[in-house]
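K.L.:
Before we start, here is the structure in question, set down as structure tokens.
The values are calculated or read from the model by the stated rules, or taken from the named source; none is laboratory data. What you see is a predicted model; the values in this text were computed from it and never measured. Here the Cβ positions follow ideal geometry from the backbone for every residue, glycine too, while neighbour counts run over all protein chains shown. With ligands, DNA and RNA removed, areas are computed over all heavy atoms of the protein, side chains included. Shrake-Rupley method; radii C 1.70, N 1.55, O 1.52, S 1.80 Å.
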Amino acid sequence: MKIRDKLLASMLLILLISGFISTLIWYGNSRKLSDRYLNDVSKSTMEYAYNAFEYLLTDTEYMATLIATNDKNIIGPVEELNDKSGILMQNGQWTRDYLDNSRLIEEYIKGMYGYKYYIAGIAVLAGTEHIFSSGQITLDKEQLYQEISAIDKEELRYSMVMLDPIHLEGLKSTVSSDYVVPAVRGIVDREGDINGFVVLYFDYGVIEQIFSVNLPQGSYFKVINRQGAEIFSNTNTKGEFGKADESYVENTFSAHDVGWDFYMGIPSGTYTGDINKTVVLTGVIIGLIIMASVILCIVSVSKMTGEITVLKEKMTAMADGDMDVRYEVKSSDEIGEMGHTFNYMAVRIKELMGRVADEEKQKRLNEIAFLQAQINPHFISNVLNKVVWMARIHHADNLIPLVNSLNHLLYSAMHQEKDMIPLSDELQYVDNYITIMEYSGNYDFCVEKCIAEETIHLLIPRFILQPIVENAICHGLGQELTKQGCIKITAEIRDGLLYIVVEDNGKGMDEKKIMELLGQAKDKEHGFNGIGVRNVNERIKLFLGEDYGIAYESVQGQYTKCVFRLPVVEKSI
């Protein structure tokens, strides 16, 4: 499968997946915002309608309270009528007391009647015998008292209570519907007893008028009183509220003062019609954007992969042996940078191939020279053993340690199969070297060792101590015989690491000399085995890692100290 097809497939898949996910997220958020907007708007609309109706209820309660608490025209006359209920009629005629009190009551309530358009009538009940009313509404006294008796008297003492609607006959001209709702409040005398009741007949049709004005067309609502009776409903459906279909948004409000519950439902299309159209239009736009993105991806990928194809052909030509092939850079983007890199690489490869050819030729010449000059190290070892044997025959015992040390050094150089050796073997190699140096007669020094027991069997890279000791003898102590030279070798485990220190009491070095020592090239080193300080440091890092190596510290005229920082490597069993 070509890279062009892979890129196109990947980009199209990403576009489709991201577009699908974005559309889902957008659609979900749009639905949530639409539902939230619908709920907020419908709730505010319903609250506005309810608040308008609640205002009428509050005004009605205020009017009922105003009448029930009028001492001169209501409380006093009702109390007197109740006190003289047995002597208000003589010889079939009402007494003057009755007529005076009834006149006060009737004149007052007739004066109050007509102030509120939604109050269809006012009545005052003085005891169970006397009823005074304004307007054309006549009521069933027994039914009214029966409903009032079912209400808690304490509730009627200081607040208004709405009763079930009453059906009227022949009064359509005076009220807007065939029903009125009695609003009852108790008349409390001076001693705190309820002597009567004030009844305001609330026009039932006003409820429909208020909600039809404030609620959108097609809305439905019901009013249920505290007894569970349906006071009002503009729908004939008998289904349970709350189970309407999704085309309606429903809310419930409670008028705690009168004990009524309002159940309202508003058609959602009233508010979400335009939103839904916007959602559909936005979806179409998103689809068009995705299609345009797909076309743009195809064009851009084709153009980009075309240049990659050209670059691939140039690479193939170079792989076939054409080192003079070059790519024509046409842009400054990543592909252009790849083209520059390819051209540079082609030039460098051509140069390196020529250099490698020269080096291989020189290498073959060196190998021929090496073979011509090679001497078998085993032959040298056998010769040295014969020298020791002859020294014993001729009683030249002072030569035996020197020759044995040289033989051991040669043996160690011949057996380099392992890169890591025990510290004890490395110290033995150093001892043999020191023996040879002592026989030279050019140096006067002593050697001290302080090797911790737990370090003697730890593994370290081979041939790392001898070059440091050689440097200390040749450059640190030098050939000055004015003082006793001393080289001290210590080894210990500290903080989970192996520290080996080679210290001399020689002339010391400054920082510049230390830097030169650590950076000295190998071809400038003419030591015993050609391994210098820099080589030791590089080999340690090569075998053990960049965190390990050697460091020098020195004070001129006093000492020089080389510190090995090595990991603790146990000898495998």
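K.L.:
Does I286 satisfy the condition of being of a type outside the set (D, E), in a helix (DSSP H, G or I) and more than 21 Å from S18 (Cβ to Cβ)?
P.N.:
no
K.L.:
Any residue at all in the range 338-360 that's within 30 Å of D59 (Cβ to Cβ), β-branched (V, I, T) and open to solvent by 40 Å² or more (accessible area, probe 1.4 Å)?
P.N.:
Within the range 338-360, none of the residues are within 30 Å of D59 (Cβ to Cβ), β-branched (V, I, T) and open to solvent by 40 Å² or more (accessible area, probe 1.4 Å).
K.L.:
Could you tell me which residue of the range 416-450 is modelled with the highest pLDDT, considering only residues that are in contact with a helix residue (DSSP H, G or I) (Cβ under 7 Å, 6 or more places away or on another chain) and farther than 20 Å from F463 by Cα?
P.N.:
Applying the filter and picking the extreme gives F445.
K.L.:
Something else now. Only residues that are small (G, A, S) and under 60 Å from the mean Cα position of the chain (by Cα): list them for the range 423-478, please.
P.N.:
Listed by number, the residues that qualify are S424, A452.
K.L.:
Hey, among the residues in the range 265-295 that are within 30 Å of F253 (Cα to Cα) and modelled with pLDDT of 75 or more, which one's surrounded by the fewest Cβ atoms within 10 Å (Cβ to Cβ)?
P.N.:
It comes out as P267.
K.L.:
Inside the range 46-55, can you point out the residues that are touching a helix residue (DSSP H, G or I) at 6+ places or on another chain (Cβ under 7 Å) and open to solvent by 10 Å² or more (accessible area, probe 1.4 Å)?
P.N.:
The answer is Y48, A52.
K.L.:
Scan the range 148-163 and report the pairs whose first residue is farther than 18 Å from Y201 by Cα and whose second residue is modelled with pLDDT under 80, with Cβ atoms within less than 6 Å and a gap of 6+ or a chain change.
P.N.:
Once the first residue is farther than 18 Å from Y201 by Cα and sits in the range 148-163, no partner that is modelled with pLDDT under 80 comes close enough.
K.L.:
Let me ask something else about it. Working only within the range 295-316, note down all residues that are of a type in the set (S, T, N, Q) and closer than 18 Å to S331 by Cα.
P.N.:
Listed by number, the residues that qualify are S300, S302, T305, T309.
K.L.:
Please go through the range 247-263 and pick out each residue that is over 17 Å from R226 (Cα atoms) and at pLDDT 75 or above.
P.N.:
Of everything in the range 247-263, those that are over 17 Å from R226 (Cα atoms) and at pLDDT 75 or above turn out to be Y248, V249, E250, N251.
K.L.:
Against the definition (surrounded by 15 or more Cβ atoms within 10 Å (Cβ to Cβ), more than 20 Å from D193 (Cα to Cα) and hydrophobic (A, V, I, L, M, F, W, C)), how does L15 come out, yes or no?
P.N.:
yes
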